[in-house]
Amino acid sequence: MKKRLLVTGIAVLLACTAHAQDIYGTVTYTSKLTSIELGEDILAETPPDMVEETKASVIEAAEETYTLQFDNASSYYKKVENPAQELSGMLVISAGSFNAQHYMNLKDNKAIMQLTILDETYLLTNTPRDITWKQENEVKQIAGYTCKKATYLRPEDNTTVTAWYTPDIPVSLGPEGYYGLPGLILEINEGNAVLQCTAISLNTGKKPVITPPATGRKVTKEELLDILSKKQSEFEPVIQEVPSNKNR
């Protein structure tokens, strides 16, 4: 009798533990620029006393919102679509304005990026990139969670990427294909760009089924880099003047 009770108790404990570890939710991020350099054409047409104000307006207009839907082993990261923000007849056009969606499944060791450029959509399937994080001795609060700092030197361009993650949500996932830390990544800093969590919905409602993107022309990494290279002139990181809808 005691043996039966012990076995039953262990089974219940294991079931409760498995349930407690079933984590899912949605994170909302806001991307911001900490600084910006105006193009020479814009500087030539902007009065000196208006340069800083113009920069501030551009930085504000460049803000974008993203969501990360996640569970214990998979995630889907995408931009929240908004109408293009105009300021004084100018529109910010940058490589960051490409519509990229990231799917990751750590269990299957699969990462899929769906990239839309103008009216063309591409699918790149790969394994998650190799990231060697360095733990730092800094902590801060983000959206009510205590976060720890980690850094990574990206070999493609020698850029130092800083991530802030929270061990309170023990999921090794994050935005923009970043992963591999002992907690959910709530902030990413890359150069003059900051992507920070503004809200978290955790274990609320029915657990979602996260599925990979399926629409788009399948390409290799080399093919996609070639496509991006050819379109570089169309999406230079400068401010380009366009007609304002208000004047039409």
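Check whether at least one residue in region 177-185 is at pLDDT below 95 and either within 18 Å of His102 (Cβ to Cβ) or not in a loop (DSSP other than H, G, I, E, B) (or both), and report yes or no. Taking every residue of region 177-185 in turn, at least one turns out to be at pLDDT below 95 and either within 18 Å of His102 (Cβ to Cβ) or not in a loop (DSSP other than H, G, I, E, B) (or both). Out of the residues in region 141-150 that are free of Cβ contacts under 8 Å to residues at least 40 places away in the same chain and surrounded by 12 or more Cβ atoms within 10 Å (Cβ to Cβ), which is nearest to Asp168 (Cα to Cα)? Among them, the one singled out is Thr146.
Condition check ((1) closer than 30 Å to Ala143 by Cα; (2) assigned to a helix (DSSP H, G or I); (3) modelled with pLDDT of 80 or more) across all residues:
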| site | (1), (2), (3) |
| --- | --- |
| Gln196 | yes, no, yes |
| Ser201 | yes, no, yes |
| Thr204 | yes, no, yes |
| Pro208 | yes, no, yes |
| Leu228 | no, yes, yes |
| Glu234 | no, yes, no |
| Gln240 | no, no, no |
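Against the criterion of being under 22 Å from Asn126 (Cα atoms), among the β-branched types (Val, Ile, Thr), touching a residue at least 12 places away in the same chain (Cβ under 8 Å) and out of contact with any Asp or Glu (no Cβ under 7 Å at 6 or more places or on another chain), Ile169 does not qualify.
The values are calculated or read from the model by the stated rules, or taken from the named source; none is laboratory data. What you see is a predicted model, and the numbers here were worked out from it, not measured in a lab. Heads up, the Cβs are rebuilt from the backbone with ideal geometry, glycines too, and the neighbour counts pull from every protein chain shown.
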